[in-house]
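Structure first, then comments.
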Amino acid sequence: MTNILDRFSLAGKKALIVCPENPYSREIAQGLAAAGAEIWTAGNADADLGVTVAGKLTYTHGDTESAANLANEVRAKMGTLDIVIENGLYTPVKGWKQTYNEIYDQLSKTELGLMLTVQSLGRILAEQGHGSVILVADYGALVGYDPVNYQNCPGEKDTDFSFVKGFISGGAVNYARQASNYLAENGCRCNAVAFAPVEGSCSEEFRTAFTRHNQAKRLAKADDIAAAVVFLASDASEFITGITMPVDGGYIAK
Amino acid sequence: MNTFDLLSMKGKNVLITGGRAMYGLGATLALADAGANIYLASHTIESAQPFIEELRETKGVQAKAIAFDLDDVASVENLVKEVIDDCGRIDSFIHCSRIIPQGGDGIGWDEDPIKLEQNVRVNSASSLYLLQLVGEQMIKQKSGSIVVFGSMMGLIGIEKHNYDGNPQMVPGAYGHAYSVDKSGLSAWVRHAASYYGQYGVRINAVCPGGLQSDRTNPLFAEKYSLHTQVGRLANGDDIKGPILLLASDASAYLTGLSIPVDGGYTCI
């Protein structure tokens, strides 16, 4: 049996973080880098990930042409691709009442972008015969957002509790299973993570309400996010595919 | 209260999309059996008229067709307006309609990005917009039950060996959009239930599996059935009970559910 710690190592592997400007990217990047991976990003916005970035690819999540170009860019600039962090599901749209155009705009940037990214980069991984795709979602993928958590922070409800949010997060759950089928036949894996908010990312009022409902009685630490992603990216999870892993201190367990 | 009275839809106005074919047909017939006033969203009023007449004559219910195109935002808005103008309220809404992109669903990992966009634009975005409009009406009423059609394929990935001997079916089963849309819908039902609950509005999903039809490939049916616990595909009656339960007051304490109606396919 190999040393189990060696199986967590990402030394020599190349990771591409899609939409690095979105929440959780910084924690993920630092975790992957600490485990030895070379970090690349694909997006349009600048992001301070706190790690050395080997290269930045231009990418518009949800744009068909850009998705096709992304595969070419990866082949030309990265050469090989081991880890895909699909982090384009974050949507900042406010409130419950939305117009059709607002709904479509958000879904095309997120849901469509998810499919186009995984389709495009999945081809590269399948050709190589190895690779791990990780879809980044939040806890709303597995349970409804609780309106009671926002009773003392109505402003946050306007930003967090948006109409399309559950739909977008939840789309990752079965897509991980569906995409995993094709990818596994080609030696690759696809999993999703459903994160709780990270300490410092929300108000004290929300933190109090949220942690009342989870078993660990705290929000996520940066290390919690990093460790989960390193596990799913590495050979330590070689036999795990198609799952959505809650990283929420037991929020959905109660 | 008598259980049959809880299941009764007499005097209740039900709006249903996709209610003339496949699972939607079973849903409409179940609601008509229970006495509901049926508003049937249909591509054209003319094409729906024989079915409307049949509902009136055989079930003794009020029934009306309204022209509807899920791929047209104005039509989506008009659908809700027409029902409200006609009867003032929507007690239950059954959303079964979706478009099938030209050339069919799926078509493998390389599913045309044009189809992916179509799915997002119509099956996801337009459906959510319609659900929002109906939800707003039910909030005004402070009551209502919404039932959406999810799918077994929103709960699990495909079982490729169901297609052994039928390689031509495999590309249709693979694909991206259907699983993302139906998976999102099941999660959204939980999210929406947590919002609508305070207004007395409930929302649930049924997630059916494969339906036997005269076009079902026999070899596929045989292999698929082995994965169900009841040993067969669904028939036209199987959806009726779950739909009537969720649409009626018999499920007054159920909300946020995605109920698999799949003969036990997803339980193993």
Residue in segment B:129-150 that is assigned to a loop (DSSP other than H, G, I, E, B) and not small (Gly, Ala, Ser) present: yes
Confirm whether B:Gly108 is away from every other protein chain (no Cβ under 13 Å), over 22 Å from B:Lys81 (Cβ atoms) and either open to solvent by 10 Å² or more (accessible area, probe 1.4 Å) or at pLDDT below 95 (or both). no
Out of segment A:108-145, which residues are open to solvent by 10 Å² or more (accessible area, probe 1.4 Å), in a loop (DSSP other than H, G, I, E, B) and at the interface with another protein chain (Cβ under 8 Å from one of its Cβ atoms)? A:Leu142, A:Val143, A:Gly144
Sort out which residues of segment A:232-254 are among the hydrophobic types (A, V, I, L, M, F, W, C) and crowded, with 21+ Cβ neighbours inside 10 Å, and write them in order of number. A:Leu232, A:Ala233
Only one of B:Asp110, B:Asp86 is among the acidic types (Asp, Glu) and either within 19 Å of A:Ile168 (Cβ to Cβ) or free of Cβ contacts under 8 Å to residues at least 12 places away in the same chain (or both). Can you tell me which? B:Asp110
Confirm whether B:Glu77 is more than 14 Å from chain A (Cβ to nearest Cβ), part of a helix (DSSP H, G or I) and either out of contact with any Gly (no Cβ under 7 Å at 6 or more places or on another chain) or buried (at least 19 other Cβ atoms within 10 Å of the Cβ) (or both). no
Scanning segment B:1-33 residue by residue, the ones that are part of a loop (DSSP other than H, G, I, E, B), of a type outside the set (D, E, K, R) and surrounded by fewer than 22 Cβ atoms within 10 Å (Cβ to Cβ) total 5
In the set A:Phe195, A:Phe239, A:Phe231, which member is farther than 29 Å from B:Cys207 by Cα and aromatic (Phe, Trp, Tyr)? A:Phe231
Name every residue in segment A:55-95 that is small (Gly, Ala, Ser), outside any helix (DSSP H, G or I) and either surrounded by 19 or more Cβ atoms within 10 Å (Cβ to Cβ) or under 20 Å from the mean Cα position of the chain (by Cα) (or both), in order of residue number. A:Gly55, A:Gly62, A:Gly88
List every residue pair whose Cβ atoms lie under 7 Å apart, where the two residues are 6 or more positions apart in sequence or sit on different chains, the first residue falls within segment B:187-205 and is of a type in the set (Ser, Thr, Tyr), and the second residue, located anywhere, is assigned to a helix (DSSP H, G or I) and at pLDDT 95 or above. B:Tyr196/B:Gly135; B:Tyr199/B:Ile139
When residues of segment B:113-171 are filtered for being surrounded by fewer than 18 Cβ atoms within 10 Å (Cβ to Cβ), more than 13 Å from chain A (Cβ to nearest Cβ) and within 21 Å of the chain's Cα centre (by Cα), how many remain? 1
If you check B:Ser183 against the conditions, is it of a type in the set (Gly, Ala, Ser), open to solvent by less than 40 Å² (accessible area, probe 1.4 Å) and not in a loop (DSSP other than H, G, I, E, B)? yes
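The values are calculated or read from the model by the stated rules, or taken from the named source; none is laboratory data. Note that the structure is a prediction, hence the values are computed from the model and not measured. A quick note on method: Cβ atoms are made from the backbone with ideal geometry, for glycine too, and the neighbour counts reach across all protein chains shown. The accessibility values were calculated without ligands, DNA or RNA, using every heavy atom of the protein model including side chains. Shrake-Rupley method; radii C 1.70, N 1.55, O 1.52, S 1.80 Å.
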